[in-house]
Amino acid sequence: MMGHHFGVPFHRELQRRIILEALSFISSATESGAVLKIPITWAQARNQAKALGLTEEQNR
Amino acid sequence: MTVASDTNGGEIRQLRPGLWETVNERYPGSMITKSDFVPLATLSVPLNEARVTFVSTAGIQPRGTMPFDTVHPVGDYSFRRVPSSSRPDDLEIHQLKYPTFGAERDLNVIFPIERLRELVSEKVIGELTPDFFSFIGYNMDPERLERTLAEDIADAVCEQRPDLALLSPA
């Protein structure tokens with residue numbers, strides 16, 4: 001989602017995964033201009049964050 | 001367009017052929033026309049030795065620095081250096097063109113400075129450049145953008161000798 005390219009607030013694992021996917025893709029790239037679409041939706045990310053109960057307080 | 005899958009199940013799309021023509025057709029005059037093909041720059045060192053930088057259009061800047069001009073009719077063609085050692089509380093957002101409700105709670109959703117430091121600590125990547133770089137994406141003169149801001153950032157990034165640059169829109 002616009003303004004949330006690395007996932008949802010406080011979802012460290014998702015933020016980390018998105019970076020790692022990019023780094024892995026860069027490392028193995030064979031063609032300029034290729035785009036990797038990660039199979040996760042904004043709705044799934046939000047639901048994961050809700051299920052994990054991610055809040056500011058837990059991350060301070 | 002060609003479509004394939006990576007080993008993690010992600011879908012890889014090759015969008016380069018015709019990409020710029022499509023953008024310019026849908027948003028006339030808003031994009032720099034690129035007819036030349038940008039060759040792939042392969043990573044020259046192992047990832048765990050790579051010096052990584054981050055460049056973002058999110059309008060992130062250290063508190064106390066000159067705010068981006070977010071209301072100028074043709075945009076702001078300057079950039080800010082953001083020390084990669086910054087704490088999120090040291091930084092603020094000056095940009096009106098994207099929803100910041102998530103970033104206001106956790107800056108890492110748009111500027112993952114803490115996640116990148118963690119990857120250095122875990123030796124997934126080698127190190128970070130002293131500075132990251134940020135500007136605002138609202139710039140209505142693409143020729144000026146390419147001639148000034150893009151060149152200025154490219155020079156500043158190259159001075160810090162990264163092996164790899166992550167570029168992120170906002």
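Please treat every number below as a calculation from the coordinates, not as lab data. Source: prediction; values computed, not measured. Glycine also receives a Cβ, built like all others from the backbone with ideal geometry; neighbour counts cover every protein chain displayed.
Which value, in nm² and rounded to one decimal, describes the direction-averaged projected area of the C-alpha convex hull of the protein assembly as shown?
13.2
Label positions at B:Cys158 and A:Leu52, each projected 7 Å from the Cα along the C-beta direction, are separated by 3.9 nm. Annotation: extensible slack from B:Val45 through B:Glu143 equals 31.9 nm (criterion: 0.36 nm per residue apart, minus Cα-Cα distance). Just so you know, the averaged projected area of the alpha carbon convex hull for chain A sits at 4.9 nm². Remark: mean inter-chain Cβ contacts per residue of B:111-117 equal 4, using a 10 Å Cβ-Cβ cutoff to other protein chain atoms. Per-residue mean of foreign Cβ neighbours for A:14-20 is 6 (Cβ atoms of other chains, 10 Å radius). Between the residues B:Gly64, B:His94, B:Ala50, the greatest Cα displacement towards the positive end of the dipole of segment B:41-120, with unit charges on the Cβ of Lys, Arg, Asp and Glu, is found for B:Ala50.
In the frame of its principal axes, segment B:47-168 has Cα extents of 44, 33, 22 Å, reported largest first. Highest average first, the peptides B:143-151, B:38-46, B:127-135, B:80-88 ordered by how many other beta carbon atoms sit within 10 Å of their residues are B:127-135, B:80-88, B:143-151, B:38-46. Within 10 Å of the Cβ of each residue in A:32-43, the mean number of Cβ atoms contributed by other protein chains is 5.
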